[in-house]
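For reference, the structure discussed in these notes is given below.
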Amino acid sequence: MSPISIRTLQNMKEQQEKFTVLTAYDATFAQLAADAGVEVLLVGDSLGNVLQGHDSTLPVTVADMAYHTASVARGNRRAARPALIMTDLPFMSYGTVEQGLESARAVMQAGAQMVKLEGDDWLVPLVEALSRQGVPVCAHLGLTPQSVNKFGGYRVQGRDEAAADAMVEHSRALADAGADILLLECVPNALAERITQAVNVPVIGIGAGAATDAQVLVMHDMLGLNTGRTPKFVKNFMADGRNVQQAFAAYVEEVKAGTFPGEEHGFAS
Ligand code: KIV
Ligand code: NA
């Protein structure tokens, strides 16, 4: 089968078929996830937490992201149907358009096929510039962990009406600027549904309810390898005596069927 591309994902949104995103940081897990049917491998800067042991994603560098992207790309190439590889641009590596282009160059040359940026409508000029250079972009809105210090903690975003309306507007502006995918983290279910309907690009959710076009989880979380507090949106797919391959397959199956996330994984308001 041909590798997953942004066209595949766009078609899936149009057919109202859900797709699955999972973080990957190395070759072995990348290949296993792609072989289980995961459509997008996210080389997330969550590697700062789960691999490097930091308390936030802030210490992660572009070189770290390129290193893990290259490993993921090597494993993904061996999968029966390679997934699309999306890589986070880390903290303070895209504060200006010039810097964003340079950071994107590094991870794209390491094997990424799309970059993910955290922000709202301030990202518009960078999204336009990346699109012109042929770099697909995912814009990450809502709880953007690189801004944890500004938020004063990891908390649900877009809860009041003004903030919700602003997030809808920012989502539209980013899609209009050329963002190919949006990702919403920790926003009320109803707001995620509103944004998913407001834009015609695919929307990935985490802690955003079941109405988005796709779901993402951090691999360690869904394998039950959480060492700290388990976020509400996490489900342990290793329960019921599954092995890793079966856990990945169960995640894919539940996202496709719409049975994950359940009510208990989202934020009603
Ligand atoms: O870095 C990451 O793993 C992410 C997901 C949680 C969306 O950005
Ligand atoms: Na991230």
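The values are calculated or read from the model by the stated rules, or taken from the named source; none is laboratory data. Just so you know, these numbers come straight off a predicted model, no measurement behind them. Glycine also receives a Cβ, built like all others from the backbone with ideal geometry; neighbour counts cover every protein chain displayed. With ligands, DNA and RNA removed, areas are computed over all heavy atoms of the protein, side chains included. Shrake-Rupley method; radii C 1.70, N 1.55, O 1.52, S 1.80 Å.
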Residue tally, condition over 17 Å from LEU22 (Cα atoms), in contact with a helix residue (DSSP H, G or I) (Cβ under 7 Å, 6 or more places away or on another chain) and either among the polar types (S, T, N, Q) or open to solvent by 30 Å² or more (accessible area, probe 1.4 Å) (or both), over the range 233-266: 1
Is it true that some residue in the range 192-203 is part of a loop (DSSP other than H, G, I, E, B) and open to solvent by 70 Å² or more (accessible area, probe 1.4 Å)? yes
Tell me whether the range 2-22 contains one or more residues that are within 12 Å of ligand 1 (Cβ to nearest atom), among the small types (Gly, Ala, Ser) and within 15 Å of MET86 (Cα to Cα). no
Can you confirm whether the range 188-203 contains a residue that is farther than 22 Å from MET114 by Cα, out of contact with any Gly (no Cβ under 6 Å at 6 or more places or on another chain) and within 13 Å of ligand 1 (Cβ to nearest atom)? no
Considering residues that are more than 14 Å from ligand 1 (Cβ to nearest atom) and either over 18 Å from the mean Cα position of the chain (by Cα) or aliphatic (A, V, I, L, M) (or both), the number found within the range 32-54 is 5
Candidate set from the range 80-92 (those that are in contact with a Gly (Cβ under 9 Å, 6 or more places away or on another chain) and open to solvent by 10 Å² or more (accessible area, probe 1.4 Å)); member that is nearest to LEU58 (Cα to Cα): PHE91
Scan the range 93-123 residue by residue and report those that are surrounded by 21 or more Cβ atoms within 10 Å (Cβ to Cβ) and either among the β-branched types (Val, Ile, Thr) or in a strand (DSSP E or B) (or both). VAL107, MET114, VAL115, LYS116, LEU117, GLU118
